[in-house]
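Down below is the structure, laid out as structure tokens.
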Amino acid sequence: MSDFACPSPNQPRTLLAVEQRFQNLREYLAYPSSPRQRLQAIDKFLGWLGNEAEDCEPYLLELGQHVPALLDDLNEVGGAPEAWRAFWERLRALQAQVPALATIAGWPEAISKLQALLVAAFACTGDVAACVALIDPGFADKPPAWLQQLEAEPLGAPLALLNQARARAQAQHPEIAEALQGVMAQWPAMAADNDCVAVPVIERALPLHFEERPSGTLRRVAVRILATAKAASDEVDFNAHVAGAAASFFSPAQAPIGAARCLLAETHPRLAQTFFTGRIVLDAAHAWHAGGSANLAIAGLFYCAVLQFTDQREQFHLVGKVAITGDLDEKGETLPVDAATLGEKVQTVFFSTM
């Protein structure tokens with residue numbers, strides 16, 4: 001099977017080549033990879049077609065059927081938003097070339113949602129000019145005077161910059177002010193949830209040979225203690241998709257619950273022989289990831305949940321506004337984050353709207 005994800009720019013775009021790559025893409029879209037990865041695959045295929053995309057209307061219409069549902073499941077762009085802005089611009093250009101795309105159910109709403117996600121992502125970085133250009137593409141090359149004045153002033157916090165831009169746009173461009181107000185109203189101030197934190201993970205494509213580069217996303221993890229266990233071991237259910245995770249992944253003798261048990265033995269020895277039933281939940285069930293990125297967070301959450309369930313005088317909580325990544329060994333020692341994925345994880349958190 002040829003790899004459509006890395007097409008050579010010099011490969012002739014013959015009808016046969018287009019058909020072969022389209023069939024490969026169709027096969028890939030049938031695998032349980034995340035919406036972000038499937039959309040990226042579609043974008044690569046469209047980029048490979050280039051100016052000849054207009055001549056491939058049947059392929060575009062079939063791929064267009066996938067776009068609304070995939071974008072509906074996308075909660076954030078994740079990573080640097082520039083590539084997603086190029087994808088959004090490509091979709092809009094294709095719609096102008098192939099008007100039948102706009103007749104696909106959910107297509108206009110999908111384009112609008114991607115636009116909103118991009119505005120939110122750029123807003124989090126304080127790039128007001130990019131936000132305004134997305135709201136009104138006419139300002140991409142000729143930004144309004146009030147925006148140029150704002151960019152010439154000292155930088156402030158992203159939310160403060162948005163508020164200043166909204167106030168200055170109110171008189172001349174009320175539609176821009178209204179859009180910025182909507183972004184501010186949905187500002188991602190992650191609530192401090194005592195039993196839920198964000199974990200940056202690296203998504204894995206299935207099948208793995210389709211994967212070109214790691215793709216990061218945030219998953220929220222929660223731990224809930226339901227009752228004391230009758231057995232002499234913790235009985236914890238796990239609902240997440242973690243590639244390669246075996247049933248023994250949450251064995252009390254192993255990380256991460258084993259690590260929490262080690263800490264409980266030191267701080268609350270009377271709980272050493274008290275076991276619990278509970279549930280560990282990771283959202284974004286479509287986001288398959290490999291490795292133990294969530295183990296450190298799970299260990300901390302389990303420790304805090306036990307103290308809360310047993311009504312201990314001294315309790316601890318993990319702050320929900322903090323993203324945590326890290327693995328543990330069987331002794332409960334924190335392991336170094338994989339250097340090959342650290343940059344992608346940091347970028348994912350930085351551009352996250354969660």
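Read-outs throughout are calculated quantities, based only on the coordinates presented, and are distinct from any laboratory measurement. Owing to the predicted nature of the structure, the values given are computational and were not obtained by experimental measurement. A quick note on method: Cβ atoms are made from the backbone with ideal geometry, for glycine too, and the neighbour counts reach across all protein chains shown.
Annotations
- Globularity ratio of the range 15-185, using Cα Rg and 2.2 N^0.38 Å: 1.16
- Fewest-first ranking of D234, D73, D311, using other Cβ atoms within 10 Å as the exposure measure: D311, D73, D234
- Residue pairs, from the table K113/K345; K230/K345; K142/K321; K113/K142; K44/K321, whose Cα atoms sit over 29 Å apart: K230/K345; K142/K321; K44/K321
- Going from the residue with the fewest nearby Cβ atoms within 10 Å to the one with the most, F316, F351 rank F316, F351.
- Electrostatic dipole magnitude of the range 15-185 [Cβ: Lys, Arg +1; Asp, Glu -1; Cα centre; debye, to 20]: 260
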